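Values quoted throughout were computed directly from the atomic coordinates according to the rules given, and no laboratory measurement underlies them. Worth saying up front: this structure is predicted, and the values here are computed from it rather than measured. Because the Cβ atoms are built from the backbone with ideal geometry, glycine has one as well, and the counts that use them run over all protein chains shown.
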Amino acid sequence: MSEITQDTVLCPDQLHTHTQSPPLPRPVRPHPVRTVEMTSFGILGRPTAAISLVTAVVILSAWWATSQFGLVSPLFLPAPAEVVTQFANIYRDGYAGASLGEHLFASLFRILTAAAIAISLAIPIGLLMGVNRVAKGVLDTPIEFYWPLPPLSYLPLMIIWLGIGETSKITLLTLAMFAPICLSAQAGVRALPIERINAARSLGASRFQLFTDIVFPSALPEILTGIRIALGIGWGTLVAAELIASTRGIGFMIMSAGQFLATDVVFVGIFIIAACAFSSAAAIRLLETALVPWKGRT
Amino acid sequence: MLSVDQASVYFATRDGRTVQALDRVSFDIPDSGFVVALGASGCGKSTILNAIAGFLPLSEGTITLNGRPVSGPGADRGVVFQKDTLLPWKTIADNVGLGLKFARVSRLERLDRVEELLRLVGLADFAAAYPYELSGGMRQRVGIARALATEPEILLMDEPFGALDSLTREQMQELLVSVWTRTGKRIFFITHSIEEALFLGTHVLVMSPRPGRIVGRFDPPFMRQFAKSGDARAVKTAPEFAELREEIRAMLHATDTVRRDAA
């Protein structure tokens, strides 16, 4: 099939010979043209994945070479193979009395519970602060006061007030994740063009319909960006939250291994957290393409 | 009947002065009247539209629609904006049906009405498309369909074709005339193009800036001529059209405060 097509397309003169007409000259291949585009600034969506991949390979090779040639003591930098072996060991035998799954589940449970609470509080509160003067005035003071603080600095307070159980850890994570989502929801309302509100009003929208049909979807792109930042902060705070009086969790595993100078276990923990944080960011990106496909195209 | 009676608007500037944007403007928009407010920027034409739409309260004077004073925006006055205000997350059909959704019309009924309106503006094939897939002219047509969906008493159009290229603009003018003849809606239309005002308006209000006021009123016959003949070029190249255009041009120049101050 493909051969026939090729013949018909590339050799029209042959077809003509069959019908006894004089052979036409072969179509001249168009001269290769130089396509051009406007000079741009910045990256502008040009792919960077290949460069990133090469960088990763270079870093891994450097790590491998450093340990292979004994440049650094394994106490400080274990060989890649050692980390992989240790991962297999922990996966098989667990660590400090709990399986790897239990450690991972403990961490995931804390961060996901905190994320759910933070998201369901921060979105309505942030939107309300964006549209209501009193709400903005009242809530701005405590939020602006606490959110620049490093979560570690008020962790002792959480423990004194809420005990050493899950409540204090989840509260700490919730507080850390609340602020970026709340602030981004406010920014989303600020970016809302007044024409869009006026158009909806002259179509008969009630205040509640304005909120659900115009304000919330308009702010959604910013809110999703806020959630992505919040999850990043959440993973960062998790280790701090699991520092104190924990017996489970990836953060606990890292801290405990550090005390025994088990550098390879520390590396295993770091890679697990990196993988988790990367997946959650990727999940939010997927959510963005599903929920706000119009982003950047208006 | 929509009546604007002795409408004045004063704005406060940042440095504490007051600026008069509108000076005792009065006019009526009769049933199936097409009233065009024409003037340079700063003549208060958008101010008066915002007041009729209910986005801006008046400092003095009243606006009544069928005898009831206008207070705040409502579905009885449909607005088409210069910048398209379609919702990017909704399809064309859902954008057109937005006002009906706000009025809690069932989805099935909405679809019928939306289909009819999209046919009216020539976009029946684009019901499932998203706004970013449409050209500027097409989006403005969606905006017109959306404003008509709630069966408003009047259509308010704030330089709706201002951002379009001149060819699209002429097509849109002709489309608007056909919408007007088929629906018989009252229309209040703002433009700074003399030709557009003369071609579209059954009544043209010529406005001048600082403070915004009406300096001339005309009742051009051209739109009805076009509605009858369908030949826009013939209407626009007729000597009467050119004559009236030059008369209004002279009138606008005479009240041009920038030129007067410079002279």
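Couple of notes before you dig in:
- Longest site-free stretch - chain A; sites: chymotrypsin sites (Phe, Trp or Tyr not before Pro), DSSP loop, at most 11 other Cβ within 10 Å: A:77-259
- Screening chain A for DSSP H helices whose Cα atoms reach 18 Å or more along their own axis and whose mean Kyte hydropathy is at least 1.6 gives A:100-131, A:263-291.
- Potential extension, A:ILE160-A:SER99 segment - 0.36 nm per residue separation minus Cα distance: 19.0 nm
- Peptide B:86-93 - average C-beta neighbours from other chains (10 Å radius): 4
- Percent of alpha-carbon pairs separated by more than 23 Å within the stretch B:112-211: 27
- To the nearest ten degrees, helix B:136-149 and the longest principal axis of the Cα atoms of chain B are 80 degrees apart.
- Peptide B:96-105 has a mean shielding of 4, counted as Cβ atoms of other protein chains within 10 Å of each residue's Cβ.
- DSSP bridge orientation in the protein assembly as shown - percent antiparallel, rounded to nearest 5: 50
- Residues whose amide H lies under 5 Å from that of A:TYR95, counting only those 5 or more places away or on a different chain, are A:LEU100; hydrogens are built 1.01 Å from N in the peptide plane.
- Fraction of beta bridges assigned by DSSP in chain B that are antiparallel (%, nearest 5): 50
- Between B:ARG107 and A:HIS31, the simple spin-label model (points 7 angstrom out along Cα→Cβ) gives 5.9 nm.
- Gap separating the Cα centres of the stretch B:1-28 and the stretch A:150-164, nearest whole Å: 59
- Average beta-carbon neighbours from other chains, 10 Å sphere, peptide B:69-82: 3
- Spacing of the two label points (7 Å from each Cα toward its C-beta) at A:THR48 and B:ALA227, in nm: 5.9
- Cα shape, the stretch A:76-291, gyration tensor, a/c 1.5 rule: prolate
- With Cα atoms defining each centre, the stretch A:69-124 and the stretch A:238-298 are spaced 8 Å apart in the structure.
- Student exercise, the stretch B:116-163 dipole from Lys, Arg, Asp, Glu Cβ charges, in Debye to nearest 20: 140
- B:ARG217/A:ARG207 FRET efficiency (R0 51 Å; Cβ-Cβ; nearest 0.05): 0.85
- Calculated on alpha-carbon atoms, Rg and Dmax of the protein assembly as shown in Å: 33.7, 100
- To the nearest ten degrees, helix B:107-120 and the longest principal axis of the Cα atoms of chain B are 60 degrees apart.
- Shape of chain B, Cα gyration tensor, a/c cut at 1.5: oblate
- Helix-derived mean residue ellipticity, 222 nm - over the protein assembly as shown, DSSP H n ≥ 4, -39500 (n - 2.57), to 500: -18000 deg cm²/dmol
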